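Undergrad: First, the structure itself, so that you have it in front of you.
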Amino acid sequence: MDKSKPSPTKGIFLKGSIIGAIITIPSLIAFFVSWLVTGDKIMSLIVGIVAHFIGMGFSLKLSKKLFKIKSD
């Protein structure tokens, strides 16, 4: 194999991992913090779900910027 060209899959995996972290980490933090503060798992679940959907909306905008399709 020619080692001069970087592998495109490495970049895709890196960008996908960043987007996955943007979706997952804030919702987990929101869940655990609200669980520690309130002690109620149902309320914490609702807070975590809301944070998860906000993170998904943000990652949608970010993914459009990261994965631009190059037109010739």
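Undergrad: Cβ-Cβ below 9 Å, separation at least six or inter-chain, first residue in the stretch 20-35 and without any contact (Cβ under 8 Å) to a residue 24 or more places away in the chain, second of a type in the set (Val, Ile, Thr) and surrounded by 16 or more Cβ atoms within 10 Å (Cβ to Cβ): which pairs?
TA: Ala30/Val47; Phe31/Val47; Val33/Val47; Ser34/Val47; Trp35/Val47
Undergrad: Still on this structure, please answer the following. Name the single residue that is nearest to the chain's Cα centre (by Cα) among those in the stretch 29-61 being hydrophobic (A, V, I, L, M, F, W, C) and surrounded by 15 or more Cβ atoms within 10 Å (Cβ to Cβ).
TA: Ala51
Undergrad: Looking at the stretch 1-19, I want the residues that are within 13 Å of Phe67 (Cα to Cα) and have a partner that is modelled with pLDDT under 80 and not aliphatic (A, V, I, L, M) with Cβ atoms under 8 Å, at least 6 apart or on another chain. Which pairs are those?
TA: As it stands, the answer is Lys15/Phe67, since those pairs meet every condition given.
Undergrad: Another question, if that's okay. If you scan the stretch 26-72, which residues turn out to be in a helix (DSSP H, G or I), under 30 Å from Pro8 (Cα atoms) and of a type in the set (A, V, I, L, M)?
TA: Within the stretch 26-72, Ile54, Met56, Leu60, Leu62, Leu66 qualify.
Undergrad: Let me ask something else. Of these, Lys68, Lys41, which one is among the charged types (D, E, K, R) and at pLDDT below 85?
TA: Exactly one of Lys68, Lys41 is among the charged types (D, E, K, R) and at pLDDT below 85, namely Lys68.
Matching residues to (1) modelled with pLDDT of 85 or more; (2) among the β-branched types (Val, Ile, Thr):
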{"residue": "Met1", "(1), (2)": "no, no"}
{"residue": "Thr9", "(1), (2)": "no, yes"}
{"residue": "Phe13", "(1), (2)": "yes, no"}
{"residue": "Pro26", "(1), (2)": "yes, no"}
{"residue": "Val33", "(1), (2)": "yes, yes"}
{"residue": "Leu36", "(1), (2)": "yes, no"}
{"residue": "Ala51", "(1), (2)": "yes, no"}
{"residue": "Gly57", "(1), (2)": "yes, no"}
{"residue": "Ser63", "(1), (2)": "no, no"}
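Undergrad: Among the residues of the stretch 6-29, which ones are within 17 Å of Ser59 (Cα to Cα) and not β-branched (Val, Ile, Thr)?
TA: Hits for the stretch 6-29 are Gly11, Phe13, Leu14, Lys15, Gly16, Ser17, Gly20, Ala21, Pro26, Ser27, Leu28.
The values are calculated or read from the model by the stated rules, or taken from the named source; none is laboratory data. Everything quoted here is computed from the prediction, not taken from an experiment. Backbone-built Cβ (ideal geometry, glycine too); neighbour counts: all protein chains shown.
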